Structures are given as C-alpha cells and as structure tokens.
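Below is one structure, written out as structure tokens; comments come after it.
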Amino acid sequence: MAAPVPEPLLQIEGLHKSFDGHAVLSGASLAVPRGCLVSVLGRSGAGKSVFLKCLADVLRPDAGTIRFDGRLLGAGDVEAWADFRRRCSFLFQSNALFDSLTALENVALPLEQTTGLSGKEIDGRSLEALRQLELDAHRDRYPGQLSGGMQKRLALARAIVTRPELVLFDEPTAGLDPLRRNAVFSMIAKYQRQFGFTAVVVTHDVPEALVASDRVALLDQGRMCFEGVPADFSASNDGVVHDFRDSIAALGSTLAAIRRGEASSSADP
Amino acid sequence: MLRIVGRNTLSIVQALGDFALFLGRSFRAAAGSRKIVRRIMRAGFEQGVRCLPVILIVGMFTGLVLGLQGYYVLNKFGSEGLLGTLVSLSLVREMGPVLAALMLVGQAGSALAAELGIQRNSEQIAALETMGVSSYAYLVAPRLIASLIVYPLQTALFVTVGLVGGALSGSVLLGLESGVYWSAVERAVESQDVRECFTKAAVFGLLTIGLCSYHGFNAHRNRSSTGARAVSASTTRAVVQSCITVLAADYVITSFLV
Amino acid sequence: MKQSKLELLVGAFVVLGLAAVLYLTIKLGAGSMLGGDTYTIEARFTNAGGLNSGSSVVVAGVSVGRVEGIRVDPKDFSAIASLRVMSGLKLPADTMASIKTTGLIGDKYVLLAPGADETSLQPGGIITMTESSVDLESLIGKMAFGSVEEAKSEKAPPP
C-alpha cells in the first residue's frame, strides 16, 4: 500500500527573508513533485514575488534551503546554480522580452548565449518553439508590435526553447481580464502537458488556479498556511484559506453592512 | 563635522571601488561571451554612425570659431601666420578629445543609460541572469569595447573637420593664405600631441561609457525613487558625472603626460 | 535594422575614422619624416633661448628635421641641441647652424647653412659654428642706445 513517495523535483524548506528588519518570508516551505502544476496563491504583498525571486537567485534568502533534483542550491554554489539555471526557466510578470530583438532573436537568445549549438540548430529549435506556440508568422516582428497575449506566448516560447524541466511563472495573469486569464491558464496547462515540464505558478487568481493546478499552496504572512490538492483547498476550514477562497462572500457581507449603514445614516436627519 | 567628512570619503571610495569592479567584471565576462562581435557592431553603430553628424557639425563650428577668434588676436601682433599653430594645437591637445567626448555623452551615453535603466526596470536584466546569461557580458562589455575603438575615431574626425573649419575661416573669410595655414598646422603638431589626443579619447570613452552603463545598470539601487523616476534620475546622474569626469580626467592626463 | 546594413554603415564609419587617424598621425604627427630614416647631429649654442624640442630644422627654407632635445653642457654651460635630420641629406662638416625666428615674435627654428667641406657630418657629429638666438630685448636696447649715441654724435660737431 505505502508506495515509495517520489522525491520532489524542487524542495524548499524554511525560507526566511527580511528587508530592513521587516520580515517578508518567515519559514516558507514548498515541495514541487515532478510533472505537476503547482500554484502558489497569496494576496498582494504576501511575499509571493520575493519567494519566487529567491528561487531565481535574484534575491538571496537569509535562511532556508532550496533543493533541486536532490541537490542543495547553497548560497554562492556557482556550479549548482548554473546547473539549476540550465534546467529551469523563469517567466517574468512583465515578460522581460528584449525590445531591440525580433521575436525569433528573442527566442534564440538563451540558446545562442548558453549552448554551443550551431547557428542552424539554434534557428531550427527557435523556429520550432515559435511554431508550437503559433507565433511562426510573427518571427520577424519586434515584441512591441505584438499583442499582450502574443507577448506572453513569446515569453513562454523563450522559456521552453531550452527544454527546461521546471518553469517558474511570476503572476502570468496579472492585469488581464477574466477571459484572458482563462486563456493564459489553459495555455500553461496545455503546454505543461505537451512539453512535460514541471510548473510553479505564482498567482492570486483563485478560481482559475484551483481548476488548472495539480496542487495549490497558500502563502500568508511569510509562511505556507496550506499545501495540498485543490479539492482539499476547497474543503479546508482554515481561517486564512476560508478568507481567501471565499472573498466574494466576504465582499457581499461587507457591502451589505455598508448599505445598511448608509441606510441608517440617511435615515438620520 | 569630521564625521561627515569621513562618511563622505568612505562613500566616495566605496563608489569608486564599485565602479572599478563593474568595469573589471564586464571585461572579464567579455572573454567567454558568444557572438560578442555582433553586439560590438551594434554598439559601434550607436556610438559611431549615429553620432557622426553631431561630431562633424560641432567639429566644424569649433574650428570656424577658433579660426575667427585666433585671427583677431594674432592680427594684433601681426602674426596671422601662426593661426594654424593655434587652431591645430588647441584642437589636437584639448578641444578635440574633450568636445568629442562631451558630444558622445550627450548623444550615445544618455541613450545608453536610459536603455539599461529601462531594461533593469522591466526585469530584462534579471531575465538574462535567470537564463544563465551574464548581463555584464551581454549588455555592458560590448559597449565598453566599442567605446575604446569609436572614441579615438570620432576624435580624429572631429579634429580633422575642425582643422578644415579653421582653414575656412582663416583663408576664405579673413584672407589668410591657406598654404601658410596648413604649413603652420603641419609644423606645430607633433607625434607626441597626436598620441596624447588618442590616449585621452580612449580614456574618456572608457570612463564615460563605463559611467553611463554603470548608472543605467544600477538604476534599481537608487533608494529615493523607483520606476520611471529612477531611470530618469540615473540617466541624469550618468550624464552629469560623465561630463565632470571628462574635464577632470583631461586635467589629470594633461598634467601628467605633458 | 538588418545586420548586413548595420555592418556596412559601421564599416564605412570605421574607414572614415581611420582615414582621419592616419591623416593626423602621418601628415601632422610628422610620422612620414620621422618614419623614414633619420640621424642625429648636435649643435652647440651659447644661447638657445626660445628653441624647443619639436622646433623645425631648416635648410634653405625647406624643413628637413626637428629639434629632438636641448640640454646644458655641464662643462662650459653652453646649450647643446640635438637635431634629427633626414638621412638622405648629407651635410658638410663645416655646416653652420643659427637660430632664427619666423616673423617678429614667431617660432624659433634652426637654420642650417651648409659649407663647402668635402667630408660630411657623421651621425652624432657636432656643429660648433653657430649663431645663437637673437635676444630681442637686448637688440631693442642696443638700437635705442645706439640711436641715442648717433643723435649725440650728430649734435656734437658744432658749427
């Protein structure tokens, strides 16, 4: 019965980070099983971005460990981080495309700079990535000439062209309308299956994340206060989860209170 | 009082060290970078071809004015024949390298600082790092290498055009025999002067493009402002510091080399 | 912009810039003359005032070299100027060197007046027959003094 639990691809334990004495992360932990789509939820300012930046080595955590494929990524361990970077891609909230390069050049950039492939191979693989994301018609356009959704796809093409095992998404749906949010999540889910990478999505869109993810985690006050499958999340009675998940209901009752207040105040002479 | 002096001294020393590290890191990173020649080309285009008109125009006017003013002054002593000496030595020793560097700061340096600042702001630099690409090698090193080549070339063009400008105002406007002018030019300038001119140009190039990259690259380090304000603040700082540095470095080089 | 067009423009710029560099170094920096073979001779002056390293060396009004350096002979306190001259020019041993001025207050230069000797100056040879710079102040003083004397002598013979 007790099947051996496969080792998670990414294992984060007890991450601490504070800025000027103000703690943003205080012991955040997360396990990302291989092949899963894991969503990290949390309200704005809960430390989601900082959490992700620690993973990307843009920020250095004060304490805690990050293990990738069983290997410890220590501070200053250049070789381990280089290996991690080779096998992992990062998708920025702002896409971070280079506006002086065409779509094709953008996609080719990581291959051209980090691999010893020949120009022909690079072109072939880049074009293939563009084709898979249905962007091959726009190969010579600059990012500024593409729509928001196409830019997102282009950023994803650049992320997957190195054939990573892990892709980290930083708020891929920030500032999008509900229809586009759905489209982005279905795009992530689709390509995640298609290319077989493991995905970590940081977001605050609860309903979409619950539908699309294999696992969800909730970050609150620097700590993961929930980690599990979406069904458990929906059923959880934890206070924070409840607040976050059922914010609509809370909004309803607040509004009702305000209306009552208004009614009572306007009733007063 | 003493504490303020001490604190400022320390912060200046720290900033200088930081800048030196920045330059060193960029050059070291350049060694292993792929396709860097292509990016040097692009930087050469921005610093070279794009700035050529302004260099030629400013050089021409500098020569014209020098010729005019020099002629009036020398005329009082009856030695108009020395006009070529005056124009060529001022251009080759001082005005060529300094003015060309200032023009290049205005046109290429400011653009560079703003571009890097925006790339920092829109996480493009962070994106490079997460791809495992050194942003020093990809963004900074090509510009520095290009500046070492482009600045001396621009300065040479500036000086040449300036000499022609001096000849124009001397011979066409004021009736000086142009042969007298050119022979004075050839007699006055020595290989030592020309060497000094190119040394200055290369040093100015490295310092100004280095400073502009440094400030743009570190736009996020500015604590008092963020976003677009940070980019504008870092661009301003880059241009102002570059201009001051050009003049200060000019003084230092002149006093040590001559 | 297409890469090829960019390369073309940068190439054109570099060629243009290099032409200017070459002009400055060869034509102005006296590279052509000093680039060719030269040799050094020395000239001993009692007064080399106003002469600088870099001043021209002229034969019959044609520039043939430059003053390379000036130093003081510690034995007799005369000034020794080393002159770098084009090697094609064989100067007779009895050549005379004088320091002249272009115009009234112009540059000083060294004028070489070749003599008629059969043997020529060897590299490192020294010219002793020299005429030093004309000290403008003393010249003016002399003229003023001389004219006063003349005026006196004119006045002297009374009728």
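The values are calculated or read from the model by the stated rules, or taken from the named source; none is laboratory data. From a predicted model like this one, the values you see are computed outputs, not experimental measurements. Cβ: placed from backbone, ideal geometry, glycine included. Neighbour counts: every protein chain shown. Protein only, heavy atoms only, side chains kept; ligands, DNA and RNA dropped before computing areas. Shrake-Rupley method; radii C 1.70, N 1.55, O 1.52, S 1.80 Å.
Observations on the structure shown:
- In order along segment B:249-255, phi translates into HN-Hα couplings of 5, 4, 4, 4, 5, 4, 6 Hz, rounded to whole numbers, per the Karplus curve 6.51 cos²θ - 1.76 cosθ + 1.60 with θ = phi - 60° and x for Gly and Pro.
- Sequence-distant contacts, meaning Cα pairs under 8 Å at least 6 residues apart, place the relative contact order of segment B:121-258 at 27 percent.
- C:ASP37/A:HIS22 FRET efficiency (R0 60 Å; Cβ-Cβ; nearest 0.05): 0.20
- DSSP finds beta bridges in the protein assembly as shown, and of those with both partners inside it, around 65 percent are antiparallel.
- Close amide-amide hydrogen proximity is noted between A:ARG163 and no other residue 5 or more places distant or on a separate chain, at a cut-off under 5 Å (H modeled in the peptide plane; Pro and chain starts excluded).
- Remark on A:GLY64: its backbone amide H falls under 5 Å from those of A:HIS16, a criterion applied only to residues 5 or more positions apart or on other chains, H modelled at 1.01 Å from N.
- Surrounding net charge for A:ARG71, when Lys and Arg each add one and Asp and Glu each subtract one, Cβ distance under 10 Å: -3
- Calculated [θ] (222 nm, deg cm²/dmol) that DSSP helices of n ≥ 4 give over chain B, each run adding -39,500 (n - 2.57): -25500 deg cm²/dmol
- Solvent-accessible surface ranking, highest first, for C:LYS2, A:LYS120 at 1.4 angstrom: A:LYS120, C:LYS2
- Nonlocal amide H pairs with C:LEU83, under 5 Å, H built at 1.01 Å: C:ILE41, C:GLU42, C:ALA43, C:GLU68
- With every protein chain in place and a 1.4 angstrom probe, the accessible-area ranking of A:GLU208, A:GLU13, B:GLU190, largest first, reads A:GLU13, B:GLU190, A:GLU208.
- Helix A:178-195 vs. chain A, principal-axis angle (Cα, 0 to 90°, nearest 10): 40
- Rounded to the nearest 20 debye, the dipole size of segment B:35-257 about its Cα centre is 800 debye, using +1 on the Cβ of Lys and Arg and -1 on the Cβ of Asp and Glu.
- Surface accessible to a 1.4 Å probe, per residue, for the residues of the protein assembly as shown, Å²: 49
- Taking all protein chains as they are arranged and a probe of 1.4 Å, the heavy atoms of B:HIS215 leave approximately 20 Å² accessible to solvent.
- 222 nm mean residue ellipticity, helices alone, for chain A (DSSP H n ≥ 4; -39,500 (n - 2.57); rounded to 500): -13500 deg cm²/dmol
- For chain A, the dipole from Cβ point charges (+1 on Lys and Arg, -1 on Asp and Glu) about the Cα centre works out to 400 debye, to the nearest 20.
- Nitroxide proxy distance, nm - points 7 Å out along Cα→Cβ at C:GLN3 and A:ILE248: 5.2
- Inter-chain shielding of B:187-200 (mean C-beta neighbours from other protein chains, 10 Å cut-off): 5
- Counting, for every residue in B:37-47, the Cβ atoms of other protein chains within 10 Å of its Cβ and taking the mean gives 3.
- Gaussian network model of chain A, springs between alpha carbon atoms under 10 Å - residue of A:ARG67, A:ARG163, A:ARG180 with greatest fluctuation: A:ARG180
- Carbon + sulfur, % of accessible area of the protein assembly as shown - ligands and nucleic acids excluded, 1.4 Å: 60
- Residue of B:ALA127, B:ALA100, B:ALA15 that the Gaussian network model of chain B assigns the largest fluctuation, springs spanning Cα pairs under 10 Å: B:ALA15
- Applying the Karplus relation 6.51 cos²θ - 1.76 cosθ + 1.60 with θ = phi - 60° to segment A:73-79 yields 3J(HN,Hα) values of 9, x, 5, x, 7, 4, 5 Hz, where x marks Gly and Pro.
- Whole-Hz couplings from phi, Karplus 6.51/-1.76/1.60, listed for segment B:71-81; x for Gly and Pro: 4, 5, 5, 5, 4, 4, 9, x, 10, 4, x
- Taking 0.36 nm per residue of sequence separation and removing the Cα-Cα distance, the A:SER100/A:THR65 pair yields an extension gain of 8.9 nm.
- Mean separation of Cα contacts under 8 Å, 6 or more apart, over the residue count of chain A: relative contact order %: 25
- Relative to one another, the C-alpha centroids of segment B:227-256 and segment B:157-220 are positioned 20 Å apart.
- Solvent-accessible area buried by pairing C with B, both sides, nearest 100 square angstrom, 1.4 angstrom probe: 2500
- C-alpha center-to-center spacing [segment A:140-171, segment B:36-107] in angstrom: 47
- Heavy atoms of A:LEU146 accessible to a 1.4 Å probe, total area in Å² rounded to 10: 10
- Net charge of neighbours whose Cβ lies under 14 Å from the Cβ of A:CYS88, counting Lys and Arg as +1 and Asp and Glu as -1: +3
- 15 Å beta-carbon shell around C:ASP117, net charge (K/R +1, D/E -1): -1
- Convex hull volume of the C-alpha atoms in chain B, normalised per residue: 156 Å³.
- C:ILE26 - accessible surface, heavy atoms, 1.4 Å probe, Å² rounded to 10: 80
- Links that overshoot a 29 Å alpha carbon limit, given the list C:LYS108/C:LYS142; B:LYS200/C:LYS90; A:LYS190/C:LYS5: B:LYS200/C:LYS90; A:LYS190/C:LYS5
- Distance in nm between pseudo-label sites at C:THR101 and B:GLN14 (7 Å out along the Cβ direction from Cα): 6.0
- Summed buried accessible area for B+A [probe radius 1.4 Å, Å², rounded to 100]: 1900
- Sequence-distant contacts, meaning Cα pairs under 8 Å at least 6 residues apart, place the relative contact order of segment A:94-164 at 47 percent.
- Peptide B:18-24 shows a mean partner chain C-beta count of 0 within 10 Å per residue C-beta.
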